[in-house]
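Have a look at the structure below, then the notes.
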Amino acid sequence: MNLLLTQLKPGEKGKVKQIDACRRAARRLYEMGFNIGTNFEVVKNDIGPIIVSLFGHKVAVGRGLAQKIIVNQPD
Amino acid sequence: MNTIALVGNPNSGKTTLFNALTGSNQHVGNWPGVTVEKKEGKFKFNGNTYNVVDLPGTYSLGAFSEDEMVARDFILKGNPDVVINVVDATNIERNLYLTSQLLEMGVKVIVVLNMIDEAEAKNIQFGIKTLSKKLGVPVVTTAASKRKGIKELIEEIVRVIDGEMDLKPSISYGDKIDREIKTIKKLLSGKTLEYPPRWIAIKLIEGDQYVHDLVSENKALSSDSEFGDVLSAVKENIEDNELEIVNRRYEFVNDVTRVSVVRPEEAVKTVTDKVDKILIHKYFGLPIFILIMFVLFQLTFAVGEDLLGGLMAAAVDAVGHAIEVFLVNINSPAWIIAFVSEGIIGGIGAIIEFIPLIVVLYMLIGILEDSGYMARAAYIMDNIMRKLGLHGKTFISMIVGFGCNVPGVMATRTLESKKDRMIAILINPFMSCGAKLLIYLVFIAAFFPNGGGLILFLIYFIGILVALLVGKIFSRTLFKGETTDFIMELPPYRKPVLRNVLRNMWDNVSGFLKRAGTVIFAVVTVLWIMAVLPAGVEPYGAESILGRIGLFIAPIFKPAGFGTWQAAVGLFSGIAAKEAVVTTLGMVYAGVGEGTELISAIQGAFTPLTSVSFMVMTLLYTPCVATIATIKKETNSVKWAIFAMVYTFAIGWTMAVLVFQTGRLLGFS
Ligand SMILES: Nc1nc2c(ncn2[C@@H]2O[C@H](COP(=O)(O)OP(=O)(O)OP(=O)(O)O)[C@@H](O)[C@H]2O)c(=O)[nH]1
Ligand SMILES: [Mg+2]
């Protein structure tokens, strides 16, 4: 099932499926570890940027951009 | 001489390693984006000298921001003999993405698995031999902050420089792209190019602007119609190709780590998770940030002033007195005695007294910087900043500005969009720097000896508020457009390293001492001469040259409550260096009384209310020349530098008048 990153709750895991942002932003995300197929866990999702843990490292992503990250169930 | 470049993701420990290798003292901090310029150093081994270059961190060679551009430019144009790729071992799966790009450049690479101590604590294991074989380059492990593995690294560097390295391009980008690479490579052969043809081919296919420009500037290529056809075919598919290339690189990384890295089933829970639950909490985050700042200034005062302040003042007094006695004993001419006791001791002594406070404040800021809280502060503020049309990362440059606005303005390099960066540069002068701190300290000592911590906190806070409001206005008027999205790594909390804290403190204190010996000394000398001439007038009086200049400017400050010629001259000299405001006041008032009379002279010349409006003025008005020069350099525009000078003055003046007039209406004096 496809979800947006913003729809996941803290503690929930997911896998990056697709990034629908502009080329520049998408590239930035890929290079910071949000490449297609990466598993992650949402750490914080209330106000402010969403914090995601990738291999135990936290990356904060602004909500506007997080809405463009499409995710699905992890492996 | 051989050149070694340190390249890696932000916050992977490049500068720590650089300092360990070269014995330099470059700024280290636990947040991404500390280093924004190229820095050089040297080390000697077996009689040979090696040149080491520390670069800003970068996630890829794509370069989005100014600091990444610096790194990329050096890698591409600096011709390093060997690239040391500093990898955060705990985050190897992401860090090797950059490595995969470096390996294609045809330059010798050594991979350094840094932070190996943290990886061990997290129970992550590496098969170093396999890793090295898979990557085709040597791999060394280090714990740079503990100076472990440095010797082995140096030996490896020397071995690699002296030896041959067979870099075989090993990433396959799939049939279609591989075929295109081959075609382009063939067309490139025989042409003189600065970079390996395969690398250029890949960069063209993934749509790298720099390389596209490079080939269009190349006459032999742009006149080749076959090449032109291939290039336009490639351009059609850039987005798909780009994604495919990124994916393949990550696949390559995966292939490497699958057989060489073992992570524990269940990740070791770190303190970072627990601490973050509180420090960046939805409701508590902001109040905690404000509380931390408040405590910071209270502590600064408690330790710097109450505990150590008296000692320094006594020392300055004693030394000053001894010098005077000495000068009298050797029968120096009266004007020398006057210059030394009133100009130098009265002026520069007035600021030396406050060194303990500066030391304490910068140690505390250093602890914050090295703990990992900086990135959190930016995170917490992003929410508010965004509503104002500003980028959260702006806040990091603002905190750096607390030390000095010069690095503060430089720190804006990490902001990707021009709009965000311009605003961040223009509002940085409102951040109260260490030199302005001295001004407040004198006025606090004169009027608010018991509320120092609170007053300081409020002043810094007003600085932030004004910066944010002005930023908001700019984003609605001068620099319209969308603010780019916030993406930032939040590094793990780390126990501050004493060496880093002391270094960061010393950066500020030594900068201050250096200014005291140069700019401020020069200002004092010139002003002193102007204060005692023309011959025959009362020295330090309104009739002196200095007094007349001051009297000429003074009326504009009347509405703000401090329309004396001394205040006017002080503010004016502060543009050379902010400490000069105090030294100038110290000098012109030293002639009036005896000993270090600055405080009591100020009590006579100002009132509590005008002292506040004067502090607000000094907080906000025109930045020092060093900052103006940096603004010119970073915006690449004289126009913006002049704009920054003028508009800050207008805001400082307006706010000072507002404070004074409101205060008077409310019955303060
Ligand atoms: N535990 C541990 N910490 C380290 C090690 N090396 C560096 N650090 C810490 O990591 C943080 C970042 O170090 P820097 O040297 O500033 O990193 P950098 O790569 O230069 O960062 P940028 O200039 O922002 O790209 C600092 O807090 C260092 O003390 C290490 O080997 N082990
Ligand atoms: Mg650095």
Going by how many other Cβ atoms sit within 10 Å of their own, how do A:Val52, B:Val646 line up, fewest first? B:Val646, A:Val52
Tell me, B:Glu104, B:Glu217, B:Glu369 in order of fewest to most beta-carbon neighbours within 10 Å? B:Glu217, B:Glu104, B:Glu369
Straight-line reach from B:Lys418: which aspartates and glutamates have Cα under 20 Å away, leaving out those fewer than 8 places along the same chain? B:Glu37, B:Glu66, B:Asp67, B:Glu68, B:Asp73, B:Asp208, B:Asp382, B:Glu482, B:Asp485, B:Glu634
Taking a cut-off of 19 Å between Cα atoms, list the lysines near B:Lys191, but don't count ones fewer than 8 places away on the same chain. B:Lys77, B:Lys182, B:Lys203, B:Lys219
Debye equation applied to the C-alpha atoms of the range B:307-387, log10 I(q)/I(0) at 0.11, 0.15, 0.19, 0.26 Å⁻¹: -0.52, -0.68, -0.85, -1.12
Alpha carbon centre of the range B:607-669 versus the range B:21-52: separation in Å? 37 Å
Using C-alpha positions alone, give me the convex hull volume of chain B per residue in cubic angstrom. 191 Å³
In units of 2.2 N^0.38 Å, the Cα radius of gyration of the range B:365-461 is 1.17
Set the bar at 18 Å for Cα to Cα. Now go through B:Lys274/B:Lys387; A:Lys44/B:Lys495; A:Lys44/B:Lys277; B:Lys146/B:Lys277; B:Lys419/B:Lys472; B:Lys393/B:Lys632 and name every pair that lies beyond it. B:Lys274/B:Lys387; A:Lys44/B:Lys495; B:Lys146/B:Lys277; B:Lys393/B:Lys632
Convex hull around the C-alpha positions of the range A:2-72: the volume in Å³ per residue is 69 Å³
Straight-line reach from B:Lys42: which lysines have a Cα under 16 Å away, not including same-chain ones fewer than 8 places off? B:Lys14, B:Lys151
Between the range B:396-435 and the range B:540-583, the alpha-carbon center distance in angstrom: 28 Å
What average number of partner chain Cβ atoms lie no more than 10 Å from the Cβ of the residues making up A:42-48? 5
Computed over the protein assembly as shown, the convex hull of the Cα set has an average projected area, in nm², of 36.3 nm²
Scalar couplings 3J(HN,Hα) for the range B:128-140 by Karplus 6.51 cos²θ - 1.76 cosθ + 1.60 (θ = phi - 60°), nearest whole Hz, x for Gly and Pro, are 4, 4, 4, 4, 5, 5, 5, 7, x, 9, x, 10, 10
Rounded to whole Å, sorted largest first: equivalent-ellipsoid semi-axes of the range B:542-625, Cα gyration tensor: 18, 15, 14
Gyration tensor (alpha-carbon) shape descriptor, the range B:175-262, a/c threshold 1.5: prolate
How high is the relative contact order of chain B? Use alpha-carbon pairs under 8 Å, at least six apart in sequence, and give a whole percent. 12 percent
What whole number of Å gives the distance from the Cα centroid of the range A:1-38 to the Cα centroid of the range B:322-371? 57 Å
Can you put A:Thr6, B:Thr412 in order of Cβ neighbours within 10 angstrom, beginning with the fewest? A:Thr6, B:Thr412
Equivalent ellipsoid semi-axes - Cα gyration tensor, the range B:2-162, angstrom: 20, 18, 17
Degrees separating the helix B:355-371 axis from the principal Cα axis of chain B, which is the longest one: 20 degrees
Give me the net charge for the shell around B:Leu193: Cβ to Cβ below 15 angstrom, other residues only, Lys and Arg +1, Asp and Glu -1. +1
Let me confirm one metric for peptide B:53-59, namely the mean number of other chain beta-carbon atoms within 10 Å of its residues' beta-carbons. 1
J(HN,Hα) series, the range B:427-440, from Karplus relation 6.51 cos²θ - 1.76 cosθ + 1.60, nearest Hz, glycine and proline x: 8, 4, x, 6, 6, 6, 8, x, 6, 5, 3, 4, 5, 4
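Readers should treat all values here as calculations from the given coordinates under stated rules, not as data from a laboratory. Model, not experiment: these values are computed from the prediction. Here Cβ is always computed from backbone atoms with ideal geometry, including for glycine, and neighbour counts include all displayed protein chains.
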